[in-house]
């Protein structure tokens, strides 16, 4: 091994990264996990470093890694609950703000944290961050084309007026909105006829007055019937993804220039349908995400949902200026997803995750749990923390985890 492991000239040392990785593995006695080794190799490969200095760096890395590990018997659940719960008392109750975008609302603070840990299937302000592929992300016009494919356009969005009478419905469309969204008159007619129902649609005739107005005639349809179906007709989606009511174009700086560009465009939406948006041409499927954790679970699976829970909680805390170690949040996310489904941190979710009768009874509806357990003659083995505290046993944490076997015969000679 030469005095220098890396040099300015590549000819002096072949494959320096591979050589450094080998030395790190040897010096750390394979204690360091692969991601830590990868990071060390990445940093050390870029500079000249001596063997002695490398030993010092690896020794310090091992020291810090072992220091960061949890001691056996550490009550990690209690620590995590306190670490997440205490900052929660400092969070604001604000529900909406602009988030840097005009008229764009998003749930923040404590209401958002409660949404996440309660595993609500529909967040109060569902939103997607839609990243674009290389063909569409570098210019606003290309990004706008993708945004038009995503935005929901319903009949009410292109309608100026609707006239209702006995036996007819007259529609007067907004020419500017029609042209802006690229919608044709026949599309509107087909959508309206489909909303009338099969019987009314078959008996109806259509009279086009011009390119932006038409009348549907059905002599059996009364004025009151027309008013009843008006709302249904108005909500019919003509184009885009249902539920995505607004789109906003935003841009951000790239970490490093790409193809001569130093920034890229992306789309923020109000409303969410991850499965549908991933099918839209121009969308980068590897980066696009939503704040609806259940949609991520349904489309991408439980591991992606776990990562989303961690990311959304950490983002919510950071927005409030609160710092919590990500390992506490990871433990919470692990508990919520370990069964393969998303469990809420509520009475129902905790009951599913616990087998102890006393532990269930300690968390709300005490009498109901005790009666149900008595009816089915359940047995509590008193192995958990909660039930041990209730009956006065040592808790299975810290020194309480250790059982000592004493040889009494040997003690007679002491």
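What pairs come up if the first residue lies in region 76-98 and is over 15 Å from residue 345 (Cα atoms), the second is loosely packed, with under 12 Cβ neighbours inside 10 Å and at pLDDT below 80, and their beta carbons are under 8 Å apart, counting only those six or more places apart or on different chains?
none
Mind checking which helices (runs of 4 or more DSSP H) fall wholly inside region 75-181 and carry at least 1 residues that are modelled with pLDDT under 90, in contact with a helix residue (DSSP H, G or I) (Cβ under 8 Å, 6 or more places away or on another chain) and within 30 Å of residue 225 (Cα to Cα)?
Because the criterion is at least 1 residues that are modelled with pLDDT under 90, in contact with a helix residue (DSSP H, G or I) (Cβ under 8 Å, 6 or more places away or on another chain) and within 30 Å of residue 225 (Cα to Cα), the helices (runs of 4 or more DSSP H) in region 75-181 that meet it are 155-158, 175-181.
Restricting the search to region 227-255, which residues are modelled with pLDDT under 85 and within 26 Å of the chain's Cα centre (by Cα)?
Selection gives 255 alone.
Taking residue 387, is it outside the structural domain of residue 116 (by TED's automatic domain parsing), more than 30 Å from residue 298 (Cα to Cα) and within 36 Å of the chain's Cα centre (by Cα)?
Spelling it out, residue 387 is indeed outside the structural domain of residue 116 (by TED's automatic domain parsing), more than 30 Å from residue 298 (Cα to Cα) and within 36 Å of the chain's Cα centre (by Cα).
Sort out which residues of region 131-167 are farther than 21 Å from residue 181 by Cα and surrounded by 15 or more Cβ atoms within 10 Å (Cβ to Cβ), and write them in order of number.
131, 133, 138, 164, 167
Determine which member of the set 234, 221 is surrounded by 13 or more Cβ atoms within 10 Å (Cβ to Cβ), assigned by TED's automatic domain parsing to the domain that holds residue 158 and closer than 17 Å to residue 166 by Cα.
Values: 234 fails: closer than 17 Å to residue 166 by Cα.
So the residue among 234, 221 that is surrounded by 13 or more Cβ atoms within 10 Å (Cβ to Cβ), assigned by TED's automatic domain parsing to the domain that holds residue 158 and closer than 17 Å to residue 166 by Cα is 221.
Go through (1) more than 18 Å from residue 82 (Cβ to Cβ); (2) assigned to a helix (DSSP H, G or I) and name the single condition residue 330 misses.
(1)
What about residue 175, is it closer than 30 Å to residue 139 by Cβ and surrounded by 13 or more Cβ atoms within 10 Å (Cβ to Cβ)?
Yes: the conditions hold for residue 175.
Counting just the residues of region 20-45 that are outside any helix (DSSP H, G or I) and within 36 Å of the chain's Cα centre (by Cα), which one comes out surrounded by the most Cβ atoms within 10 Å (Cβ to Cβ)? Explain how you work it out, then say what you get.
So the first thing to find is which residues in region 20-45 are outside any helix (DSSP H, G or I), and the list is 28-33, 45.
Next, only the ones that are within 36 Å of the chain's Cα centre (by Cα) stay: 30-33, 45.
Numbers: 30: 10, 31: 13, 32: 20, 33: 10, 45: 17.
Ranking the qualifying residues of region 20-45, first place goes to 32.
For residues that are loosely packed, with under 14 Cβ neighbours inside 10 Å and touching a strand residue (DSSP E or B) at 6+ places or on another chain (Cβ under 9 Å), scanning just region 255-275, find the one that is nearest to residue 187 (Cα to Cα).
This residue is 263.
The values are calculated or read from the model by the stated rules, or taken from the named source; none is laboratory data. Bear in mind that the values here come from a model prediction, so they are computed numbers and not experimental data. Virtual Cβ from ideal backbone geometry, glycine too; neighbours counted across all protein chains shown.
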